[in-house]
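Take a look at the structure set out below.
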Amino acid sequence: MVTNKKDGALVLFSGGQDSATCLAWALDRFKRVETVGFDYGQRHRVELDVRPSILEVFRTEFPDWAGRLGPDQLLHLAALGEVSETALTRDVEIAMEDSGLPNTFVPGRNLIFLSFAAALAYRRGLRHIVVGVCETDFSGYPDCRDDTMKAMQLALNLGMDRRFVVHTPLMWIDKAETWRLAASLGGPALVELIRDETHSCYRGDRGTSHLWGHGCGECPACKLRAEGWRRYRAAPAAGVTVRC
């Protein structure tokens, strides 16, 4: 379903479940889609290692999308890791902090990602920016909220004198519905790709395999993904409504 034959899209693609689903969503809608990832010294940087193989499968196993998938770029943002004292940028135990947020929260991360993505989209002539943030199944991260995304869209448009559209296909759906969305977009082949190849585990564990994918099985990201998979398998054919 190509809804816009002229405009192109840039997908923030980390190598995880959510961003892979968003990539499929964008390929289903736009004639030209590019991807960008960010290396900020993350503890689970294995997610960056799986990105090329996932993109290759998109090109080889999904012929309707292969011709729309353009270049990928990896941007190095080491400074973000250097100023962050979090469980995603340091080898410390994952825990809740006095603020009520988990210490996996990297302050400013999505704001910085969107700023760099918009700068790249500006140069590449891409109007649409797609990001896999979610306010339904999330840890309270303030930079994943719908209000934050709307504010960022306004700031980017004012600051760059462009009319970017920031799309958040997963904003109002949970992890089970995210699996269902993948199934509706690419069938069992896409579900299998996301399950087997994407990475979500905060601890970077690729050695342990589960029905829902690879991961330690204990960190918040693994638990969220596993529970979503369980509920998806219990009702795989349930409908999903996506607002973007």
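For the chain, return all DSSP H helices satisfying: extent of Cα atoms along own axis at least 20 Å; mean Kyte-Doolittle hydropathy at least 1.6.
Result, helices passing both filters: zero.
Among Phe113, Gln153, Pro142, flag the residue with its Cα farthest along the positive direction of the charge dipole of the chain, charges on Cβ as +1 for Lys/Arg and -1 for Asp/Glu.
Gln153
About the Cα centre of the chain, what is the dipole size in debye to 20, counting +1 per Lys and Arg Cβ and -1 per Asp and Glu Cβ, all else neutral?
Approximately 940 debye in magnitude.
Which of Arg225, Arg68, Arg203 moves the most in a Gaussian network model of the chain with Cα springs under 10 Å?
Arg68
Ranking Ser115, Ser84, Ser209, Ser19 by Cβ neighbours within 10 Å, fewest first, what do you get?
Ascending Cβ contact count within 10 Å gives the list Ser209, Ser115, Ser84, Ser19.
Which residue, Gln73, Gln17, Gln153, tops the fluctuation ranking in a GNM of the chain built on C-alpha contacts under 10 Å?
Highest fluctuation among the options: Gln73.
Going by how many other Cβ atoms sit within 10 Å of their own, how do Glu93, Glu227, Glu47, Glu197 line up, fewest first?
By the 10 Å Cβ count, ascending, the order reads Glu93, Glu227, Glu197, Glu47.
Compare Met149, Met171, Met160 in a GNM of the chain, Cα atoms joined below 10 Å, and give the one with the largest fluctuation.
Most flexible of the set in this elastic network: Met160.
Which percent, to the nearest 5, of DSSP beta bridges fully inside the stretch 4-234 are antiparallel?
15 percent
No value in this document is a laboratory result; all are computed from the given coordinates. Quantities reported herein were computed from a predicted structural model and do not represent experimental measurements. With ideal geometry, Cβ positions are generated from the backbone for all residues, glycine too; neighbour counts draw on all protein chains shown.
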